[in-house]
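Input: a single structure, listed below in structure tokens.
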There are 2 protein chains.
Amino acid sequence: MANQIAEKIRVFSLGGVGEVGKNMYAVEIENDILVVEAGLMFPEDDMLGVDVVIPDTSYLEQNKSRVRGIIVTHGHEDHIGALPYVLKKVNVPVYGTKLTLGLVEDHLKTTGMHKKADLRLVTAGSTETIGDVPVSFFHTNHSIPDCVGVSIETDQGLIVYTGDFKFDQTPVDGKITDFGTLHSLGEKGVLCLLSDCTNADRPGTTPSELEPAKGINRVFQEANSRVVITTFASNLFRIQQIIDASVKTKRKITVVGASIYKTIQIARRLGYLRAPKNIFVKPEEIGNFPDEQVTVLCTGSQGEPMSAISRLAKGADQKLSIQSNDTVIISATPSPGTEKSVSQIVDFLYKIGCEVITPGQEKVHVSGHASQEELRLMLNLLQPKYVVPVHGEYRKQFALQQVAAEQKVKPENTFLIDKGEVVEFAKGQGRVSGKVPSGNVLIDGLGVGDVGNIVLRDRRLLSEDGILVIVVTLSKKTGAIVSGPDIVSRGFVYVRESEKLMEEANKKVNDTLEKCMSENVNEWSSLKSNVRDVLSKFLYEKTKRRPMILPIIMEV
Amino acid sequence: MANQIAEKIRVFSLGGVGEVGKNMYAVEIENDILVVEAGLMFPEDDMLGVDVVIPDTSYLEQNKSRVRGIIVTHGHEDHIGALPYVLKKVNVPVYGTKLTLGLVEDHLKTTGMHKKADLRLVTAGSTETIGDVPVSFFHTNHSIPDCVGVSIETDQGLIVYTGDFKFDQTPVDGKITDFGTLHSLGEKGVLCLLSDCTNADRPGTTPSELEPAKGINRVFQEANSRVVITTFASNLFRIQQIIDASVKTKRKITVVGASIYKTIQIARRLGYLRAPKNIFVKPEEIGNFPDEQVTVLCTGSQGEPMSAISRLAKGADQKLSIQSNDTVIISATPSPGTEKSVSQIVDFLYKIGCEVITPGQEKVHVSGHASQEELRLMLNLLQPKYVVPVHGEYRKQFALQQVAAEQKVKPENTFLIDKGEVVEFAKGQGRVSGKVPSGNVLIDGLGVGDVGNIVLRDRRLLSEDGILVIVVTLSKKTGAIVSGPDIVSRGFVYVRESEKLMEEANKKVNDTLEKCMSENVNEWSSLKSNVRDVLSKFLYEKTKRRPMILPIIMEV
């Protein structure tokens, strides 16, 4: 054992620190690399046209032979959403609980990897040996069932990862956090705790899921109308509460939105939703029931313009629409960046004349993440020597460092790492040391990583002032213009109202080409750059806009 | 008088209802049209490349000869920002208080209208006859000095417009709202109240500007470092408090950001800022003072990527940069839609290592708009028969209707109008009746209104998947291909990694053209649509993307 104590352990994040989403953490113990989570992120505003973003996994690809497996702690997209792409490059076993793997399997269909993946079932309380490393799992509370935290055994002590968690004393499924195990992990000795820091800046305790249950029940009971309720498609505990409230108020439920429909199907098949037979009714049949016996459960809590609630509100769904006497519950708070679109949908619902209930008015939503008092409890149970805040932007990581300091983890023992930064442990001492490659891989349609900075820059330019294409045909023999120049524009000005401008532009181009020829400038690249410069200047003077200018020269 | 009582009065909004920004209201009394406010709005996310948005004023243009003047109640951009464009089309006298007109004059320089505008000074307490209509002004509290509300006298009673207001019992300039005048207007008889509804959904009372003064003073005193503070460029009361706090803590102030610099200049020149001589220092000279004697006042409280604080944080400003031992105060809350960019800047500041103080941590910002108790007070003072909630989205208008109902204005007497909807008063009875044209006019560079739906749709398409331009030259005589087809793409894929795809695309186009020719399809429009269809289908199959496809045919 003596020489094993000299082992180096490296802990790093390929996503999920300094940002919200695409969680991916790795623990490297000599010859074994264990990966925890493989999540996706939705694109930032400047990632035009991009569908989703996943972590850059080139380090894992380069060290493929040493990657022993990917552990996923629960079935949310920011934890499992990158698997369809990552497994294509590094197809290692995936470890997760029953519900998590059910959702993973469905996700893998995106790239057809569901047929090739090696999914391995684990349960809270069990221990697996992954590579040479014993890994055990403990039950935690979050907004979806079957969540686990992970404890990785090393000769220098345990490395514990909380996963997304809060301490819920009255969870929807009755399964409270496994305090005994957490305490015994603490007794055993935790070298490093990777802890969820989402709400590290919130004092107090996050309310139990029981709170929204009460709020939702109250609204369901008081509403003498249909209840339309929207939440995250993957918030299965909330969905359970909506089913329970519907049962109590004798309502049938119709589900609108592909993602929420699929989640419910998977969860029911695997036994994670309690619902009486025949409570679910197709949208086209819901009209057969009196209003006060109807629940419409749909997606769109983030104000997505194409979501179910948006379609229902705007009358764009053939089977169902939101009416003035409906009661609408928004059972979620907007994610960063979606505040405005959510408020636009709420405004739209008010205009229809609905009763609209948001978390600001009634307790119909609570967070799934631990606030400061819960983080303190976790720190007290586990008594880690080192802390790495994960799952949050830098100011949240910073906030957890402050909380940890108050729980006797010295500030210098909490590492506020960025993506790719490595925390290295040797002889029980940790320090930040070196970097591995990390970054964003953008997925646009079927393309994984073929949209990079140049493409995004072009999309941005195109989006701001459009494009002008200038085509001219030159004679191979004489170099003279035989056709054109023709100018075609898109996204620049409304052409019919700008005929004069375009005529002048055409003349500018023509003059420039003729001037070039008279001066024997006939290299195409020079011709093009001359045209581009002259036209760009002319258009900026006239319009103060800078459209992309694309000269194309043909030769006959 | 008898026949004058039969007069029709029309009240409508060309902007500012059902939205945030571009306020513009109109009161039409027989032959006179009085306009109140001419504001701008910043573009929505889907208005790609647009700089600002102003109201569609075609109704005013069509009835130019009857427009008697534009009253502006204070100097914020959402109230005066459209004047440079509106006056170009309808150059009528502009009425405002001293500070407001000072800011208007500067704004008008955008379009050179400062030389042609007829600016007429009014004071709180004064009465002007505009057209044939007596209009009086009363002092109100907001976040900028010299704010007024407007009372328009008609034979059916007063039409009162609050402007942006709150009731501040301890305002920065010591001038409290003119309660006596408000009460006497109420006694006289208010037919219709157009009231600010920004915070109509907030219970209680908006705190006085004294609150942020206390918070800012505390931070300034405790900080043993430079204080960098960002707020709205036009929040002059906050700027006054920052100057006062700097005086108290013996700090010099340097101002970074063109808009805030200009506002301070104008306000000082007109006597609306108290500041000792020599307290302002140039950015390049601030290094001569010890850190604890320095205030950096800058723009960027809305997370604008090009703002002063963003440049200072990212080291992109040559003269000054934010350091790890600075204390940074964000003295503003994010406007809707800017939450994410603000939090990104805050995150960036944390990474630098600054002490960052936001309104969530310390009371360094309060709203400038009345909450429910203040709205009740306004309603009680004025006792209007009818209410039109203005300056807010629909749900805020709705909230004010509910508040008004509790103050004995029957819900059917509160009109929740959309832009263009007309409230008509005859014989003291109001009803919604008819519409005038209304909408958005988009300003992009020098272009006013030349960016419409088609241009925006093209920009959106271009921003999502880029463009492919296909150029082919055909022989005039034979119709055969003499050059091309050439394909050029921008914003679609990273070309070097997609050579094969582009080769295949080229072949597809070639095959399509040849097939068309062999089938004697030689109308250009058919050729183009064939190419577009085939290529679009091919690319979607291969990439699941839908770039814009622009076929250009040349002839020699």
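The values are calculated or read from the model by the stated rules, or taken from the named source; none is laboratory data. Source: prediction; values computed, not measured. Glycine gets a Cβ as well: all are built from the backbone with ideal geometry, and neighbour counts include every protein chain shown. All accessible areas refer to the heavy atoms of the entire protein, side chains included, with ligands and DNA or RNA removed. Shrake-Rupley method; radii C 1.70, N 1.55, O 1.52, S 1.80 Å.
Here are the numbers for the structure shown:
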{"read-out": "Euclidean distance between Cα centres, the stretch B:266-320 to the stretch B:52-91, Å", "value": "33"}
{"read-out": "Cleavage-rule hits (chymotrypsin sites (Phe, Trp or Tyr not before Pro)) in the stretch B:1-107: DSSP loop, at most 13 neighbouring Cβ within 10 angstrom", "value": "none"}
{"read-out": "Whole-number percent relative contact order across the stretch B:1-125, with pairs defined as alpha carbons under 8 Å at least 6 apart", "value": "20"}
{"read-out": "Calculated over the stretch B:275-314: convex hull of Cα atoms, volume per residue (Å³)", "value": "99"}
{"read-out": "Between helix B:210-222 and chain B: long-axis angle, C-alpha atoms, 0 to 90°, nearest 10", "value": "80"}
{"read-out": "Kirkwood Rh and Cα Rg combined as Rg over Rh, evaluated for the stretch A:162-207", "value": "0.99"}
{"read-out": "DSSP-loop trypsin sites (Lys or Arg not before Pro) across the stretch A:305-361, with at most 15 other Cβ within 10 angstrom", "value": "A:Lys314, A:Lys319"}
{"read-out": "Distance (nanometres) between label positions extended 7 Å along Cα→Cβ at B:Ile481 and B:Lys277", "value": "8.0"}
{"read-out": "Chain A: proportion of alpha-carbon pairs further apart than 42 angstrom, %", "value": "35"}
{"read-out": "Long pairs among A:Lys250/B:Lys410; B:Lys262/B:Lys319; A:Lys22/B:Lys544; B:Lys22/B:Lys435, criterion Cα-Cα beyond 27 Å", "value": "A:Lys250/B:Lys410"}
{"read-out": "Dipole-positive endmost among A:Phe280, B:Ile553, A:Gly81 within the protein assembly as shown (Cβ charges, Cα centre)", "value": "B:Ile553"}
{"read-out": "Those aspartates and glutamates that a straight Cα-Cα span of less than 20 Å connects to A:Lys515, excepting residues fewer than 8 apart in one chain", "value": "A:Asp486, A:Glu503, A:Glu504, A:Glu523, A:Asp533, A:Glu555"}
{"read-out": "Residues in the stretch A:453-477 that, when all protein chains are in place, have 20 Å² or more less accessible area than the chain alone would give (probe 1.4 Å)", "value": "A:Ile454, A:Val455, A:Asp458, A:Arg459, A:Leu462, A:Ser463, A:Glu464, A:Ile467, A:Val469, A:Val471, A:Thr473"}
{"read-out": "Cβ-vector label at 7 Å, A:Gly180, separations to other copies in nm", "value": "7.9"}
{"read-out": "Rounded percent of accessible protein surface that carbon and sulfur make up, the stretch A:466-555, 1.4 Å probe", "value": "45"}
{"read-out": "Length-normalised contact order of the stretch A:210-357 in % [C-alpha pairs under 8 Å, at least 6 apart]", "value": "29"}
{"read-out": "On Cα atoms only, tilt of A:524-543 relative to the major axis of chain A in degrees", "value": "80"}
{"read-out": "Per-q log10 I(q)/I(0), the protein assembly as shown, q = 0.04, 0.08 Å⁻¹ (Debye; single scatterer per alpha-carbon; no solvent)", "value": "-0.25, -1.03"}
{"read-out": "Cα pair distances of the stretch B:466-555 binned at 10 Å [whole percent]", "value": "17, 54, 24, 5"}
{"read-out": "Sparsely packed trypsin sites (Lys or Arg not before Pro) within the stretch B:103-160, loop by DSSP, other Cβ within 10 Å at most 13", "value": "B:Lys116"}
{"read-out": "R0 of 30 Å, Cβ-Cβ distance A:Lys544-B:Arg496: FRET efficiency to nearest 0.05", "value": "0.35"}
{"read-out": "Summed buried accessible area for B+A [probe radius 1.4 Å, Å², rounded to 100]", "value": "5200"}
{"read-out": "Where labels lie 7 Å past Cα in the beta-carbon direction, separation of B:Glu504 and A:Ala405 in nm", "value": "5.7"}
{"read-out": "With Cα atoms, 0 to 90° folded angle of helix A:179-188 axis to chain A main axis", "value": "90"}
